[in-house]
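Engineer: I'd like to ask some things about the structure below.
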Amino acid sequence: MTMSLNAKALVLSLVLLLVFLLGWHLWVEAQKGPGVDMDPEYAAMLGIQAKGGSAMPGPLDVGKSIWEHLADPFYDKGPNDKGIGIQLAYSIARVLMGFTLAAIVAIPLGFFIGMSPIFSKAMDPFVQILKPVSPLAWMPLALYTIKDSNLSSIFVIFICSIWPMLINTAFGVSSVRREWINVARTLEVTNSRMAWRVILPAAAPTILTGMRISIGIAWLVIVAAEMLVGGTGIGYFVWNEWNNLSITGVISAIFFIGVVGMLLDMLLSQAARMVEYAE
């Protein structure tokens with residue numbers, strides 16, 4: 001019985017993971033040698049070699065740290081000591097709020113741009129100028145005008161999430177087959193009904209692709225934004241672990257960031273499959 005493509009891909013992924021972990025472990029072991037008697041991570045910060053240790057933690061150390069975080073993810077021992085579950089919850093909430101606001105603005109505006117060639121050409125210079133601006137470049141302006149670090153982070157998510165959704169929605173609407181629109185007009189379908197029953201279903205896969213890109217960018221940006229504003233969130237957790245000289249904690253946080261990002265992408269990917277259609 002031959003293996004399916006998914007099964008082969010899974011086996012190959014596991015092999016690559018094992019090779020990576022083995023290489024990581026061997027590299028860390030090779031770094032160990034004679035040195036001063038102190039914590040390896042702290043010694044690395046000082047630019048010296050610790051006795052019998054490596055500045056970079058090995059996969060077993062990181063695995064132990066991840067297990068400790070998962071064992072009690074929702075503890076709260078003060079403003080600077082919260083569980084990984086609480087920090088992720090803060091970050092996910094900010095991302096979802098900014099992402100939802102961006103969808104509320106981008107999808108209707110993208111519809112209008114896609115259905116109006118004149119408005120599309122008029123809006124194109126503004127989109128092309130604002131789209132390349134780094135989201136973090138908006139943070140000082142947001143902090144100055146909004147004067148709230150939490151709302152400023154949400155605004156940064158909003159401003160970085162809006163462009164992929166706007167562009168993909170406009171492209172999807174403008175790319176709907178003319179034959180379908182002509183048939184709807186022949187049947188004297190109203191514009192609002194045509195938008196809901198013809199254009200939206202046809203453009204939905206492209207719109208969801210834009211949303212999938214946006215959620216990835218939003219999750220990417222929130223980490224950097226929370227490093228700047230501090231307080232709560234996975235970005236603040238990473239920065240706090242760095243200040244505590246815990247490279248193991250930083251790598252563990254990177255693992256959690258990647259897993260959550262993958263789950264968000266899988267969620268929208270599944271939604272995109274549900275609206276796919278064959279012409």
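Engineer: Within the range 136-151, track down each residue that is among the hydroxyl-bearing types (Ser, Thr, Tyr) and more than 22 Å from the chain's Cα centre (by Cα).
Structural biologist: Result: 144, 145.
Engineer: Can I ask one more? Does residue 272 qualify as being touching a residue at least 12 places away in the same chain (Cβ under 8 Å) and surrounded by fewer than 20 Cβ atoms within 10 Å (Cβ to Cβ)?
Structural biologist: Yes: the conditions hold for residue 272.
Engineer: Condition check: assigned to a helix (DSSP H, G or I), within 14 Å of the chain's Cα centre (by Cα) and modelled with pLDDT under 90. Does residue 226 satisfy that?
Structural biologist: Against the criterion (assigned to a helix (DSSP H, G or I), within 14 Å of the chain's Cα centre (by Cα) and modelled with pLDDT under 90), residue 226 qualifies.
Engineer: Continuing with the same structure: For residues in the range 230-239 being touching a Ser or Thr at 6+ places or on another chain (Cβ under 9 Å) and surrounded by fewer than 20 Cβ atoms within 10 Å (Cβ to Cβ), which is modelled with the lowest pLDDT?
Structural biologist: 230
Engineer: Restricting attention to the range 204-222, which residues are under 9 Å from the mean Cα position of the chain (by Cα) and either hydrophobic (A, V, I, L, M, F, W, C) or surrounded by fewer than 23 Cβ atoms within 10 Å (Cβ to Cβ) (or both)? Explain how you work it out, then say what you get.
Structural biologist: So the first thing to find is which residues in the range 204-222 are under 9 Å from the mean Cα position of the chain (by Cα), and the list is 213-222.
Scanning the range 204-222 gives 213, 215, 216, 217, 218, 219, 220, 221, 222.
Engineer: Next question, about the same structure. Among the residues of the range 99-110, count how many are touching a Ser or Thr at 6+ places or on another chain (Cβ under 8 Å), of a type in the set (Val, Ile, Thr) and more than 16 Å from residue 199 (Cα to Cα).
Structural biologist: Count: 0.
Engineer: Output yes when any residue across the range 258-267 is surrounded by 18 or more Cβ atoms within 10 Å (Cβ to Cβ), assigned by TED's automatic domain parsing to the domain that holds residue 107 and within 30 Å of residue 59 (Cβ to Cβ), and no when none is.
Structural biologist: In the first step, residues of the range 258-267 are kept if they are surrounded by 18 or more Cβ atoms within 10 Å (Cβ to Cβ); the result is 264.
Then drop every residue that is not assigned by TED's automatic domain parsing to the domain that holds residue 107, which leaves 264.
Next, only the ones that are within 30 Å of residue 59 (Cβ to Cβ) stay: 264.
Scanning the range 258-267, I find at least one residue that is surrounded by 18 or more Cβ atoms within 10 Å (Cβ to Cβ), assigned by TED's automatic domain parsing to the domain that holds residue 107 and within 30 Å of residue 59 (Cβ to Cβ), so the answer is yes.
The values are calculated or read from the model by the stated rules, or taken from the named source; none is laboratory data. Since the model is a prediction, treat every value here as computed from it, not as a measurement. Because the Cβ atoms are built from the backbone with ideal geometry, glycine has one as well, and the counts that use them run over all protein chains shown.
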